[in-house]
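Novice: The following block contains the structure, expressed as structure tokens.
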Amino acid sequence: MALTLLVNTLLLAIPLGGSVGTLAGIDAHRAATGQKGLFTGDDSSNGGTGSSGGSSGGSDSTGGGSGSNNTISDNHTKNSQYCQSSYGITPPTQGEQFTLNPNQWGVTDTTSGWLCMNVTTFNNETYATKTTAPDWSVTWQFDQGPETQPVHAFPNIQVEDEFPLLVDGVDAIDFELAYTYGVGKTVATTMDESALTAASLQANVAVDMFFDADKERAQNSTLARLEVMVWFARFGASSDPIGYPTVVTTQTVNDTKFELYKGPRTAGSTTQYVLTWVAATNTDSFKGDIFPLVTNLTSLGGDNYPNNTDYMGILQFGTETYSADSNVTFAVSDLAIDVKKS
């Protein structure tokens, strides 16, 4: 399906640290062409200059930004920026309900770096299809973390309406995706992997799902027995999946070959088993049903794999941010998730 979302490329192209003079010039141009001025929104956010990327907690059911969020609107779209450690953003929609979150769960007081999420929503609450998500992007830079905790954040978008569901109750998860990762604070038009390598980018682009026989535990990313991930791309050696380099099995979905890695992850007294499908070659676009990657696992059997009587409690898509030597921007221009029940 083709995504017809209107992307306000001018706003996304404004560097977070751009000069006042440049912004003033753009503001004057917008005023001259009948658009709303850049400086009419709330500008109390730190713009990602703090060591921990802003305050934590909170939520926004309007998708328009409030409190410490920068928001710019016109008659058709609303562009909001969120630099909080954790903040639920649930844009109004007449179709599938999504929640976005900067989710800087690995950031501490000693972290060097920052992250801000930008979300573009339609004021009329309609999108290309009932399952189309808002456009969003993340600009970030973190120094390398400790080997015991290399991930600083998982900025993501989560499907809200469908889960929890029994594995046996799911027929398909149709997934349509187009994104770019680029060096700098602006959205890249194409993905230059050599430039990302030069910037020492350590990250992945992934779907994250959680499973458990208990419905409540399946909805808790810490307590769920199993985590199943689908990685469309990974950058840098630090982003090797748990169980790498041993490939358990492979499966091809719509011409994209995925390799399966597996292994336990222990946090305190809790051990969670992680199953990760990784695209053999980085892909920046995908269209197909990813649920066969789950049903393939059920055929392997055993406690370390999901089964048909397990609940699927969470489905998210985003990027795990490890580290980068300079600012990088992850931008999702096309995303539709259609969970079909059997």
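Novice: Any residue that is among the hydrophobic types (A, V, I, L, M, F, W, C) and more than 24 Å from the chain's Cα centre (by Cα) - is there at least one of those in region 269-279? Explain how you work it out, then say what you get.
Specialist: First pass over region 269-279, keeping only residues among the hydrophobic types (A, V, I, L, M, F, W, C): 274-275, 277-279.
With the extra rule that they be more than 24 Å from the chain's Cα centre (by Cα), the set shrinks to none.
No: region 269-279 contains no residue that is among the hydrophobic types (A, V, I, L, M, F, W, C) and more than 24 Å from the chain's Cα centre (by Cα).
Novice: Follow-up. Can you name every residue in region 261-281 that is farther than 14 Å from Val207 by Cα and modelled with pLDDT of 95 or more?
Specialist: Filtering region 261-281 down to residues farther than 14 Å from Val207 by Cα leaves 261-273, 280-281.
Tyr261, Lys262, Gly263, Pro264, Gln272, Tyr273, Ala280, Thr281, listed by residue number.
Novice: Further question on the same structure: All but one of (1) in contact (Cβ under 8 Å) with a residue 24 or more places away in the chain; (2) assigned to a loop (DSSP other than H, G, I, E, B) hold for Gly301, so report the exception by its number.
Specialist: Exception for Gly301: condition (1).
Novice: I need the full set of residues from region 297-316 which are surrounded by fewer than 16 Cβ atoms within 10 Å (Cβ to Cβ) and either among the basic types (Lys, Arg) or in contact with a helix residue (DSSP H, G or I) (Cβ under 8 Å, 6 or more places away or on another chain) (or both), in order please.
Specialist: Step one: list which residues in region 297-316 are surrounded by fewer than 16 Cβ atoms within 10 Å (Cβ to Cβ), which gives 299-304, 308-309.
Asn308, Thr309 - these are the residues of region 297-316 that are surrounded by fewer than 16 Cβ atoms within 10 Å (Cβ to Cβ) and either among the basic types (Lys, Arg) or in contact with a helix residue (DSSP H, G or I) (Cβ under 8 Å, 6 or more places away or on another chain) (or both).
Here is a yes/no grid of residues against (1) buried (at least 20 other Cβ atoms within 10 Å of the Cβ); (2) under 30 Å from Tyr311 (Cβ atoms); (3) in contact with a Cys (Cβ under 8 Å, 6 or more places away or on another chain):
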site: Asp109; (1), (2), (3): no, no, no
site: Asn118; (1), (2), (3): yes, no, no
site: Asp135; (1), (2), (3): yes, no, no
site: Asp174; (1), (2), (3): no, yes, no
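Novice: Here's a follow-up. Looking at region 223-239, which of the residues that are without any contact (Cβ under 8 Å) to a residue 60 or more places away in the chain and under 18 Å from the mean Cα position of the chain (by Cα) is farthest from Glu162 (Cα to Cα)?
Specialist: Phe235
Novice: Follow-up. Can you name the residue in region 181-224 that is among the aromatic types (Phe, Trp, Tyr) and out of contact with any Gly (no Cβ under 6 Å at 6 or more places or on another chain) and is also farthest from Val328 (Cα to Cα) among such residues? Show your work before the answer.
Specialist: Of the residues in region 181-224, the ones among the aromatic types (Phe, Trp, Tyr) are 181, 210-211.
Retained after the next criterion (residues that are out of contact with any Gly (no Cβ under 6 Å at 6 or more places or on another chain)): 181, 211.
Details: Tyr181: 7, Phe211: 32 Å.
Applying the filter and picking the extreme gives Phe211.
Novice: So, in region 153-170, of the ones that are of a type outside the set (A, V, I, L, M, F, W, C) and more than 13 Å from the chain's Cα centre (by Cα), which residue ends up farthest from Leu100 (Cα to Cα)? Lay out the reasoning, then the answer.
Specialist: Here is the first cut: in region 153-170, the ones of a type outside the set (A, V, I, L, M, F, W, C) are 155-156, 158, 160-162, 164, 168-169.
After this cut, where a residue has to be more than 13 Å from the chain's Cα centre (by Cα) as well, the list is 160-162, 164, 168-169.
Working: Glu160: 10, Asp161: 14, Glu162: 16, Pro164: 18, Asp168: 27, Gly169: 25 Å.
Step by step, filter region 153-170, then rank; the result is Asp168.
Novice: Let me ask something additional. Could you identify the single residue in Leu177, Leu226, Leu196, Leu166 that is in contact with a Phe, Trp or Tyr (Cβ under 8 Å, 6 or more places away or on another chain) and more than 30 Å from Leu300 (Cβ to Cβ)?
Specialist: Numbers: Leu177 fails: more than 30 Å from Leu300 (Cβ to Cβ); Leu226 fails: more than 30 Å from Leu300 (Cβ to Cβ); Leu166 fails: more than 30 Å from Leu300 (Cβ to Cβ).
Testing whether each residue is in contact with a Phe, Trp or Tyr (Cβ under 8 Å, 6 or more places away or on another chain) and more than 30 Å from Leu300 (Cβ to Cβ) leaves just Leu196.
Novice: Sticking with this one: Can you work out which of the residues in region 176-193 that are assigned to a loop (DSSP other than H, G, I, E, B) and at negative phi is surrounded by the fewest Cβ atoms within 10 Å (Cβ to Cβ)?
Specialist: To start, the set of residues in region 176-193 that are assigned to a loop (DSSP other than H, G, I, E, B) comprises 184-192.
After this cut, where a residue has to be at negative phi as well, the list is 185-192.
Details: Lys185: 21, Thr186: 19, Val187: 21, Ala188: 18, Thr189: 11, Thr190: 7, Met191: 18, Asp192: 15.
So, considering only residues that are assigned to a loop (DSSP other than H, G, I, E, B) and at negative phi, the one surrounded by the fewest Cβ atoms within 10 Å (Cβ to Cβ) is Thr190.
Novice: Which one of Gly50, Gly88, Gly57, Gly67 is surrounded by fewer than 21 Cβ atoms within 10 Å (Cβ to Cβ), modelled with pLDDT of 70 or more and among the small types (Gly, Ala, Ser)? Walk me through how you get there before you give the answer.
Specialist: Values: Gly50 fails: modelled with pLDDT of 70 or more; Gly57 fails: modelled with pLDDT of 70 or more; Gly67 fails: modelled with pLDDT of 70 or more.
The conditions single out Gly88.
The values are calculated or read from the model by the stated rules, or taken from the named source; none is laboratory data. Computed from a predicted model, the values in this text were never measured in an experiment. So basically every Cβ, Gly included, is an ideal-geometry build from the backbone, and we count neighbours across all protein chains shown.
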